[in-house]
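The values are calculated or read from the model by the stated rules, or taken from the named source; none is laboratory data. Note that the structure is a prediction, hence the values are computed from the model and not measured. Cβ atoms come from the backbone with ideal geometry, glycine included; neighbour counts cover every protein chain shown. Side chains are part of the model used for accessible areas, which takes the heavy atoms of the whole protein and leaves out ligands, DNA and RNA. Shrake-Rupley method; radii C 1.70, N 1.55, O 1.52, S 1.80 Å.
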Amino acid sequence: MARKTMPTDVPVADYLAGLDARRASEGERLVALFREVTGEEPVMWGPSIIGFGEYEYTYASGHSGTWPKAGFSPRKAEISLYGLQAAPEAAELLARLGPHRRGVDCVYVRRLDAIDAEVLRALVAASWNYYSTH
């Protein structure tokens, strides 16, 4: 089975420029935060995910692939934040993040200004460290 979400050559700035003003601004702020924390440059994964770094995974089923160590997608209804739940300290940090909901691998927030930016910074750092050592 072919991987659906892979890195592309689409410039992140071009993707952000196509969003509504609020999501574009939030996306630019998130790019700056993730870039600062990870030391990596952003890469578009598929049509709408902005990823930083990458890691290889293999599930118990044998399915394997590559995914960003940290990433997000500023979607219309909510911002999807990827990979922020795996680190040991994630639960405590998520309790302090502010209004959000959780999926299997995603944390969803409606507005970036409604959450604690320093807690988000700590979550990204914890995620980055976790996926860099596992």
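Of the residues TYR15, TYR57, which is assigned to a strand (DSSP E or B), on the phi < 0 side of the Ramachandran plot and of a type in the set (Ser, Thr, Tyr)?
Of the residues listed, the single one that is assigned to a strand (DSSP E or B), on the phi < 0 side of the Ramachandran plot and of a type in the set (Ser, Thr, Tyr) is TYR57.
Any chance you could count how many residues in segment 55-69 are more than 16 Å from LEU84 (Cβ to Cβ) and surrounded by 14 or more Cβ atoms within 10 Å (Cβ to Cβ)?
Count: 2.
Look through segment 70-111, keep the residues that are under 19 Å from ARG22 (Cβ atoms), touching a helix residue (DSSP H, G or I) at 6+ places or on another chain (Cβ under 9 Å) and assigned to a loop (DSSP other than H, G, I, E, B), and return whichever of them is most open to solvent (accessible area, probe 1.4 Å).
Filtering first and then ranking leaves LYS76.
If I ask for residues that are part of a helix (DSSP H, G or I) and in contact with a strand residue (DSSP E or B) (Cβ under 6 Å, 6 or more places away or on another chain), which ones from segment 19-47 would you list? Working first, answer last.
Taking segment 19-47 and keeping what is part of a helix (DSSP H, G or I), we get 21-38.
The answer is ARG23, GLU26, GLY27, LEU30, PHE34, THR38.
Could you run through segment 112-130 and say how many residues are surrounded by 20 or more Cβ atoms within 10 Å (Cβ to Cβ), touching a residue at least 60 places away in the same chain (Cβ under 8 Å) and within 13 Å of VAL37 (Cβ to Cβ)?
Number satisfying all stated conditions: 3.
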